[in-house]
Amino acid sequence: MRSPHVGTDPEIDHPGETGTGGAAGPGGGGGDAGTGTDGIDSCVGGTPLIRLNRLCRARGVSVWGKMEGFNPGGSAKDRTARALLDSAVSTGVTGPGGTVVESSSGNLGVALARSCALRGISFHCVVDPRVNRQTVAVMEALGATIHRVLSPDPATGDWLAARRHRVRELLETLPGSVNLDQYSNRAAMDAHADGTMREIIAQLGHPPDHLLVAVSTTGTIGGCLRLLRRIGASTTVTAVDARGSVLYGGTPGERPLPGYGAGVVPELSRMSSPDRLDRVSAPRAVAGARLTARREGFLPGASGGAVVAAFMALRSAIRPGEDAVLVFHDFGHAYLETLYDDDWVRTHIAEPGDLPDLDGSTSGVSGDSPGAVL
């Protein structure tokens, strides 16, 4: 059953005229070439939508992956970074010679380092020990200054809270510095309403019946929901959160994998209401990533592994003739020493042989709640 595309938005009906997608069919790319943007920023967006033939063998169900790792910085955060900076520059908040300070667990830091370099803006990124070494190396190569917090917030035990506290300290000591605040800045949602979701609809030819998106700042899912609701689509949207995340009323707890979930409720999350919620544990996310690598031939990051795990729990509820789109925020190359390393997984997550069998009856470990309806 197809989600009705009842809207008449010309940028969806005629994607070739927009520059946000560039492709009228699945697999198309092209970014924003031809819109007047120069440099590597012209490659942001227009990421492929690929058929995942081997992930789900249910007859009559079409599964697609929106491959955000094909953005120039390697993740969906390229869209966010460009939108945040474009908004800040156009409103005079910052500009060439300015300084931006932001907290990131990885992908936004890389994206902002690249976007700031293009605009002549200094970038300072606050990270915690969970950040991948490769991610830090890329940010430094792009000219970013790295600030590390060495312990979690003493009041909450959360790393994000500690990073945001360090951001506030830097804003007081770095002259003229600004924080774009990805956690409350609506430009982050605009990037995914006008980019990611619009592209998916154009590439697929209609709104999907199911959309699964990992959540952290909730900018991606919020933007996607905004466009879907505006055009009256009946798409069922699943938020893929981490076990131990406080999003959508969650109970705080340990989250060994970066990339999805949050220890602080972002303002953006109050602007979106997904239809379903799956709190995916670290073992399920690892199992999902490894299953995808061996079946589909690419390595998703931690959030992508969680999305796959959530889809595998949902697939029995998807009816023949329906389709599902899974948003893969990044690739997993930065996770080779963690997510895909048996010794690391054994130390921090579980025995590799004890990971959940996503193809079998075990949907996760005790405490998971796949398929909760909000």
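The values are calculated or read from the model by the stated rules, or taken from the named source; none is laboratory data. Values in this document were obtained by computation on a predicted structure and should not be read as measured data. All Cβ positions, glycine included, derive from the backbone under ideal geometry; neighbour counts span all protein chains shown.
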Hey, could you check segment 72-88 for residues that are within 15 Å of residue 330 (Cα to Cα) and in contact (Cβ under 8 Å) with a residue 40 or more places away in the chain and say which is surrounded by the most Cβ atoms within 10 Å (Cβ to Cβ)?
-> 76
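I need the full set of residues from segment 237-261 which are out of contact with any helix residue (DSSP H, G or I) (no Cβ under 9 Å at 6 or more places or on another chain) and of a type outside the set (A, V, I, L, M), in order please.
Within segment 237-261, the first condition is being out of contact with any helix residue (DSSP H, G or I) (no Cβ under 9 Å at 6 or more places or on another chain), and the residues that meet it are 245-246, 249-253.
Residues satisfying the conditions are 245, 249, 250, 251, 252, 253.
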When you go through 279, 295 one by one, which is the residue that is charged (D, E, K, R) and either in a strand (DSSP E or B) or closer than 25 Å to residue 191 by Cα (or both)?
-> 279
How many residues does segment 225-240 contain that are assigned to a loop (DSSP other than H, G, I, E, B) and over 18 Å from residue 311 (Cβ atoms)?
-> 3
Which one of the conditions (1) free of Cβ contacts under 8 Å to residues at least 24 places away in the same chain; (2) of a type in the set (D, E, K, R); (3) within 25 Å of residue 191 (Cβ to Cβ) does residue 169 fail to meet, given that it meets all the rest?
-> (3)
Test result for residue 197, part of a helix (DSSP H, G or I) and closer than 15 Å to residue 266 by Cα | no
Of the conditions (1) on the phi > 0 side of the Ramachandran plot; (2) touching a Ser or Thr at 6+ places or on another chain (Cβ under 6 Å); (3) part of a helix (DSSP H, G or I), residue 222 clears all except one; give me its number.
-> (1)
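Kindly establish whether residue 202 is of a type in the set (A, V, I, L, M), touching a Gly at 6+ places or on another chain (Cβ under 8 Å) and surrounded by fewer than 24 Cβ atoms within 10 Å (Cβ to Cβ).
Details: of a type in the set (A, V, I, L, M): yes; touching a Gly at 6+ places or on another chain (Cβ under 8 Å): yes; surrounded by fewer than 24 Cβ atoms within 10 Å (Cβ to Cβ): no.
When the stated conditions are applied, residue 202 does not pass them.
Counting only residues that are hydroxyl-bearing (Ser, Thr, Tyr) and outside any helix (DSSP H, G or I), which one in segment 331-357 is modelled with the highest pLDDT? It would help to see each step written out before you state the result.
Within segment 331-357, the subset hydroxyl-bearing (Ser, Thr, Tyr) is 335, 338, 340, 347.
Imposing the further condition that a residue be outside any helix (DSSP H, G or I) reduces the set to 338, 340.
On the way: 338: 94, 340: 98.
By that ranking, first place goes to 340.
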For residue 310, all conditions in the list (1) in contact with a Gly (Cβ under 7 Å, 6 or more places away or on another chain); (2) in a helix (DSSP H, G or I); (3) closer than 30 Å to residue 181 by Cβ hold save one; what is the number of the exception?
-> (1)
Got a number for residues in segment 124-145 being part of a loop (DSSP other than H, G, I, E, B) and without any contact (Cβ under 8 Å) to a residue 40 or more places away in the chain?
-> 5
What residue, of 21, 28, 60, 34, is loosely packed, with under 14 Cβ neighbours inside 10 Å and modelled with pLDDT under 50?
-> 34
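Please indicate, with yes or no, whether at least one residue in segment 241-250 is within 30 Å of residue 337 (Cβ to Cβ) and part of a strand (DSSP E or B). Can you show your working first?
Going residue by residue through segment 241-250, those that are within 30 Å of residue 337 (Cβ to Cβ) are 241-247, 250.
Filter once more, so that each one left must be part of a strand (DSSP E or B): 241-242.
Looking through segment 241-250, at least one residue is within 30 Å of residue 337 (Cβ to Cβ) and part of a strand (DSSP E or B).
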Given (1) buried (at least 21 other Cβ atoms within 10 Å of the Cβ); (2) touching a Gly at 6+ places or on another chain (Cβ under 7 Å), residue 118 misses just (1)
Is there any pair with a first residue in segment 146-161 that is assigned by TED's automatic domain parsing to the domain that holds residue 127 and surrounded by 14 or more Cβ atoms within 10 Å (Cβ to Cβ) and a second that is basic (Lys, Arg) and at pLDDT below 90 whose Cβ atoms are under 9 Å apart and which are 6 or more apart or on different chains, and what are they?
-> 159/130
Out of 50, 40, 121, report the one residue that is among the β-branched types (Val, Ile, Thr), under 22 Å from residue 289 (Cα atoms) and touching a residue at least 24 places away in the same chain (Cβ under 8 Å).
-> 50
With the checklist (1) surrounded by 24 or more Cβ atoms within 10 Å (Cβ to Cβ); (2) in contact with a Gly (Cβ under 8 Å, 6 or more places away or on another chain) in hand, flag the one item residue 272 doesn't pass.
-> (1)
Within segment 158-186, work out how many residues are farther than 19 Å from residue 262 by Cβ, assigned to a helix (DSSP H, G or I) and not polar (S, T, N, Q).
-> 4
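Does residue 194 fit the bill of being of a type outside the set (Gly, Ala, Ser) and in the same structural domain as residue 226 (by TED's automatic domain parsing)? Lay out the reasoning, then the answer.
Values: of a type outside the set (Gly, Ala, Ser): yes; in the same structural domain as residue 226 (by TED's automatic domain parsing): yes.
Considered against the rule, which asks whether it is of a type outside the set (Gly, Ala, Ser) and in the same structural domain as residue 226 (by TED's automatic domain parsing), residue 194 comes out as yes.
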Kindly indicate whether residue 354 is among the acidic types (Asp, Glu) and surrounded by fewer than 21 Cβ atoms within 10 Å (Cβ to Cβ).
-> yes
